[in-house]
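Heads up, the thing below is written out as structure tokens.
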Amino acid sequence: MVGHVCFAQPQAAIDYVSLYKTCDSLIGLKKIAALDKGLTQQLNQIDKKTPYHFFAEALYFIDQNQFQEAAIFYQVGLVRQNYYIGVNNNYAPNEDWQYAESMKSISAKKLIPFLQSNADNYLQVLKVAIEYCEKNDYDFSSKLNYPDKYQNAINKLKDLQADILKNKEQFKKDWEAERARLLAKKV
């Protein structure tokens, strides 16, 4: 839920066997990423805050095993953070930036394997995040102030989306190899 406070702390090693079982279970449900009214309202509320709040919310969703929702908040957070860094020279490195970077790193350790478990879902998450960012202003630092920089931040996700689409089979092979490597690790 919006409004909770989360501080990144060192975490125990990730149990990739359990993580991938969760990923496979979610994939088996064939639920694709989508923005419903409630999720959109949550994003709209966080759009009034600094970028770190997107990653805090992503961590909250991860803790609830709501990886689709976490992935959307994470991707929107990347756009918001890239834009805000580009328009505010005093943002990086400050305290909020440090929290955002820490939470982004922690959430990525679980979200990236989840997203890479299903390329089509990954593409859908990117599509949903891009559409949300194109349709909704970042109220904390309006896109109207620097429209080119805002579009550049969105274009980073679009470039990733295009790269995955173009090289989907190679990405799948690479991601399967990474999955095998992570599963072979001792936790």
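Quick note: the coordinates plus some simple rules give every number you see, no bench work behind them. This structure is a prediction, so every number in the text was calculated from the model and none was measured. With ideal geometry, Cβ positions are generated from the backbone for all residues, glycine too; neighbour counts draw on all protein chains shown.
Odds and ends about this structure:
- Placing +1 on the Cβ of every Lys and Arg and -1 on the Cβ of every Asp and Glu, with no other charges, gives the chain a dipole of roughly 440 debye about its Cα centre.
- Taking amide H as placed 1.01 Å from N in the peptide plane, residue 141 has no amide H partner under 5 Å among residues 5 or more places away or on another chain.
- Cα long-axis angle, helix 95-116 against the chain (0 to 90 degrees, to the nearest 10): 40
- Descending semi-axes in whole angstrom, ellipsoid equivalent of the chain, from the Cα gyration tensor: 27, 19, 16
- The overall shape of segment 47-130, judged from the alpha-carbon gyration tensor, is prolate: a/c is not under 1.5, and a/b is greater than b/c.
- Projecting the Cα positions of 171, 141, 125 onto the charge dipole of segment 123-187 (unit charges on Cβ atoms of Lys, Arg, Asp and Glu, taken about the Cα centre) puts 171 furthest along the positive direction.
- Degrees separating the helix 119-135 axis from the principal Cα axis of the chain, which is the longest one: 10
- At most 13 other Cβ within 10 Å, DSSP loop - trypsin sites (Lys or Arg not before Pro), segment 86-187: 185, 186
- Those chymotrypsin sites (Phe, Trp or Tyr not before Pro) in segment 6-99 that DSSP places in a loop and that have at most 12 other beta carbons within 10 Å: 7
- Partners for residue 49 among aspartates and glutamates (Cα-Cα distance below 16 Å; same-chain residues under 8 apart left out): 57, 95, 96, 101, 137, 139
- Helix 16-28 vs. the chain, principal-axis angle (Cα, 0 to 90°, nearest 10): 80
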